[in-house]
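Single-structure report; data block below.
The values are calculated or read from the model by the stated rules, or taken from the named source; none is laboratory data. Quick caveat: nothing in here was measured; it's all calculated off a predicted structure. Counting neighbours? That spans all protein chains shown, and the Cβs are built from the backbone with ideal geometry, glycine included. Accessible surface areas use protein heavy atoms only, side chains included; no ligands, DNA or RNA. Shrake-Rupley method; radii C 1.70, N 1.55, O 1.52, S 1.80 Å.
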Amino acid sequence: NNFVRGYDATQCATGTTAMVRTSVAMQVVAFPGANEVDVHSNTFEASAGSGGCSAIGLWLQAMAGATPGPHGVFRNDIFHAAGCGGGMNFVVREDSALADPRIFEHDDLDPTGGPVLYMDEGATSLTSAAMVDTATGGSGTLSVDPLFVAFPANMHIQAGSMCIGAGTPTGAPPVDFDLAPRDPVTPDNGADEI
């Protein structure tokens with residue numbers, strides 16, 4: 001139930017080494033042990049500037065010695081990464097097999113701006129929602145423009161969005177970001193229930 005933004009385009013400016021070169025909305029690093037994150041019903045946005053900056057909606061990594069995966073639960077989220085001029089955009093970037101998610105389902109990987117949809121294990125670019133579901137063992141993945149009301153100022157979804165009713169009720173919070181009740185059978189993707 002959160003709206004999460006990485007650095008914006010002005011913070012990823014060109015011409016200075018002091019500036020941030022990568023906008024990351026969420027970074028998850030697997031460590032040794034059995035603990036994992038449970039990320040549910042959020043909207044993540046990473047937009048970078050021009051001149052070689054990169055944008056990553058979800059970055060899955062593993063430290064040396066991490067317990068073999070998969071790790072982490074990701075459900076009903078919207079991930080967006082765009083805005084680079086000359087750099088690379090990844091909606092989801094998974095660096096190795098140790099960083100595989102345990103559950104990845106009913107998430108929207110926003111294709112707006114032509115990012116790499118899902119970089120699997122740091123080597124294979126997955127270009128469709130069906131390929132992501134096959135690689136992650138998940139289901140219900142979308143790759144659609146979520147139709148934000150006024151991106152990036154207002155990232156609520158609007159009528160006509162394919163994210164409406166596309167979520168799973170498993171583990172879904174009962175209310176959304178605005179404390180509006182979520183549909184108990186077919187909740188929406190992202191932080192907003194329309």
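So is MET155 of a type outside the set (Val, Ile, Thr) and open to solvent by less than 30 Å² (accessible area, probe 1.4 Å) or not?
Details: of a type outside the set (Val, Ile, Thr): yes; open to solvent by less than 30 Å² (accessible area, probe 1.4 Å): yes.
Yes: the conditions hold for MET155.
When residues in the range 163-176 are screened for being under 20 Å from ASP145 (Cα atoms) and hydrophobic (A, V, I, L, M, F, W, C), 3 of them pass. In the range 44-71, the residues that are exposed (fewer than 15 other Cβ atoms within 10 Å of the Cβ) reach residues that are modelled with pLDDT of 90 or more and not in a loop (DSSP other than H, G, I, E, B) with C-beta atoms within less than 6 angstrom, at least six apart or across chains, in these pairs: MET63/VAL29.
Once the range 173-194 is narrowed to residues that are more than 13 Å from ASN76 (Cα to Cα) and surrounded by 14 or more Cβ atoms within 10 Å (Cβ to Cβ), the residue that is modelled with the lowest pLDDT is ILE194. Kindly check whether there is at least one residue in the range 145-152 that is open to solvent by 20 Å² or more (accessible area, probe 1.4 Å) and either closer than 23 Å to VAL37 by Cβ or under 14 Å from the mean Cα position of the chain (by Cα) (or both). Among the residues of the range 145-152, at least one is open to solvent by 20 Å² or more (accessible area, probe 1.4 Å) and either closer than 23 Å to VAL37 by Cβ or under 14 Å from the mean Cα position of the chain (by Cα) (or both), which makes the answer yes.
For the range 107-155, give me each residue that is aromatic (Phe, Trp, Tyr) and in a strand (DSSP E or B). Result: TYR118, PHE148.
In the set (1) in contact with a Phe, Trp or Tyr (Cβ under 8 Å, 6 or more places away or on another chain); (2) open to solvent by 20 Å² or more (accessible area, probe 1.4 Å); (3) within 30 Å of PRO181 (Cα to Cα); (4) modelled with pLDDT under 95, GLU105 fails one condition alone, (4). If you go through the range 40-59 and keep only what is outside any loop (DSSP other than H, G, I, E, B), at pLDDT 95 or above and over 10 Å from the mean Cα position of the chain (by Cα), you end up with just HIS40.
For the range 159-194, filtering for residues that are in contact with a Leu (Cβ under 7 Å, 6 or more places away or on another chain), without any contact (Cβ under 8 Å) to a residue 60 or more places away in the chain and small (Gly, Ala, Ser) leaves 2.
Consider the range 117-133 and keep the residues that are closer than 12 Å to PHE104 by Cβ and in contact with a helix residue (DSSP H, G or I) (Cβ under 6 Å, 6 or more places away or on another chain). The one that is most open to solvent (accessible area, probe 1.4 Å) is ASP120. Among the criteria (1) over 24 Å from PHE177 (Cα atoms); (2) open to solvent by less than 50 Å² (accessible area, probe 1.4 Å); (3) among the polar types (S, T, N, Q), the one SER161 does not fulfil is (1).
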